[in-house]
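In what follows, a structure is listed as C-alpha cells, so that the remarks can point back to it.
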Amino acid sequence: MTKDNITSMALRLFLLRGYKYVSLADVAKAAGMTKGAIYHYFSGKEELLAAAVYYLFDRMEEKCLRLFQSPVPLKDTLYAILVEQELAVYARQLLTLGEGDYRTNHASFILEVMSHYPKLQERIDRNHLTVCSAIEQKLERAIAQGEIRKEANTRALAVMILAVINGQVSLGEKLNSLAIRRQMADNFWKLISA
C-alpha cells in the first residue's frame, strides 16, 4: 500500500463519514493494513487529513487544467463540465464513491476541514486563481477562433464558469438533473456565442 493509496482511502472515509468520525484504525482497516503502518507515512490523523485534502485539490486542479487546455472547442468543454459533469465523475472514480456519496458530503467535508485548517482557504484561493486563468485562456482562444463574442470580458466569464462549476456540487437533483444541466449550458452558450 503506497502513501497515495492510504491518502485516497482516508479521503474517501472522511467524505463518507466526516473527519471527526474516522479514526486511523478505520483507515488502516479499510486499507488492509495495521494502524502502525500508517505511522510510517503520517505522524497522525491531522497530517493525514492535510495530505488527503491536498491530494484531492491537486488532482482536481490537474483535471480542470487538462479540460480547459485541451484543443477541443469551448462549447464542447463547457458541455463536458456542466452537463456531463466530468469533474464530479472524475472525483467519484478517483475515490471510488457512488454519485450520492460525493454530491452529499463534498461541501460539508470542506467546511469541516476548513474549521481545522484555516490556512486551507489560501490553497483554495490559489486553486481558483489557477483554474480561472486556464478558463480565461480558453475563452481568449474561443474569441480568436470566432466561437464567442469579441467584446466578451474573459475574466468575468471565467469567474462565472468557475462559480457554476463549484455551485453545481451543492445543488439537489431537482435543480441538477440532466435536463436542467443541458438547458443551463445551452442558455449560457446563447449568451456568449458569436
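Annotations for the structure displayed:
- For the range 47-89 and the range 136-179, distance of Cα centres in Å: 14 Å
- Cβ charges +1 (Lys, Arg) and -1 (Asp, Glu), total dipole of the chain, debye: 140 debye
- A DSSP coil position with no more than 16 other Cβ atoms inside 10 Å describes the following chymotrypsin sites (Phe, Trp or Tyr not before Pro) in the range 1-44: Tyr39, Tyr41.
- Length gained on full extension, Lys150 to Glu46: 32.6 nm, using 0.36 nm per residue less the C-alpha separation.
- Candidates per GluC sites (Glu not before Pro) in the range 147-183, loop by DSSP, up to 14 other Cβ within 10 Å: Glu151
- For the listed residue pairs Lys3/Lys138; Lys63/Lys119; Lys3/Lys63; Lys35/Lys174; Lys20/Lys75, the alpha carbons are over 30 angstrom apart in Lys3/Lys138; Lys35/Lys174; Lys20/Lys75.
- Relative contact order of the range 52-192, pairs being alpha-carbon contacts under 8 Å that are 6 or more residues apart, as %: 34 percent
- The GluC sites (Glu not before Pro) of the range 23-104 meeting both criteria, a DSSP state outside H, G, I, E and B (loop) and at most 16 other C-beta atoms within 10 angstrom of the site's C-beta, are Glu84.
- In degrees, nearest ten, helix 45-69 long axis to first principal axis of the chain (Cα): 20 degrees
- Here the spin labels are modelled as points 7 Å beyond Cα on the Cα-Cβ line, and at Ala30 and Arg182 they lie 3.6 nm apart.
- For the chain, the longest principal axis of the C-alpha atoms and the axis of helix 178-192 are separated by about 50°.
- Label-point gap, in nm, between Asp76 and Asn127 - each point 7 angstrom along Cα→Cβ: 2.8 nm
- A dipole drawn for the range 52-192 from +1 and -1 charges on Cβ atoms has a positive end, and of Asn153, Phe109, Pro71 the residue lying farthest that way is Asn153.
FYI, it's all coordinate maths here, none of it is from the lab. All values derive from a computational prediction rather than experimental measurement. FYI the Cβ positions are ideal-geometry reconstructions off the backbone, even for glycines, and counts take in every protein chain you see.
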